[in-house]
Amino acid sequence: MPKGGVDTVNLDGEGFETLVIDGQVIQCGEPLLLVDLENIKDKVPSIITPVVFTSLVGQEVTLNKSGFQRAGSTNFISINK
């Protein structure tokens, strides 16, 4: 069982490439970040990535799929009022 937590701050950006800038308008499906998992997996406790939703007052997040998903899978979550 992998240890919990994400501890990538000590990598100083190594293995990550940001593809957008703060305040940029993005489209659904547009990549935000590239991560070289092979480069970082032995340098961090876990490569499990949490997803945090903010500013959801009056909305509900529904998990539509769980477990292993193949690249390109869609409709993992729904956000509804």
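The values are calculated or read from the model by the stated rules, or taken from the named source; none is laboratory data. Keep in mind it's a predicted model, so treat the numbers as computed, not measured. Here the Cβ positions follow ideal geometry from the backbone for every residue, glycine too, while neighbour counts run over all protein chains shown. Only protein heavy atoms, including side chains, enter the accessible area calculation; ligands, DNA and RNA are left aside. Shrake-Rupley method; radii C 1.70, N 1.55, O 1.52, S 1.80 Å.
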Residues 36, 42, 22, 7: which one is of a type outside the set (Val, Ile, Thr) and at pLDDT below 85?
7
Condition check for residue 78: closer than 26 Å to residue 14 by Cα and hydroxyl-bearing (Ser, Thr, Tyr):
no
Out of the range 50-81, which residues are surrounded by 10 or more Cβ atoms within 10 Å (Cβ to Cβ), among the β-branched types (Val, Ile, Thr) and under 15 Å from the mean Cα position of the chain (by Cα)?
77
Looking at the range 21-35 only, could you name the residues that are open to solvent by less than 80 Å² (accessible area, probe 1.4 Å) and not in a loop (DSSP other than H, G, I, E, B)?
35
I'm trying to understand the selection: among the residues of the range 64-81, which are outside any loop (DSSP other than H, G, I, E, B) and closer than 20 Å to residue 32 by Cβ?
77, 78, 79
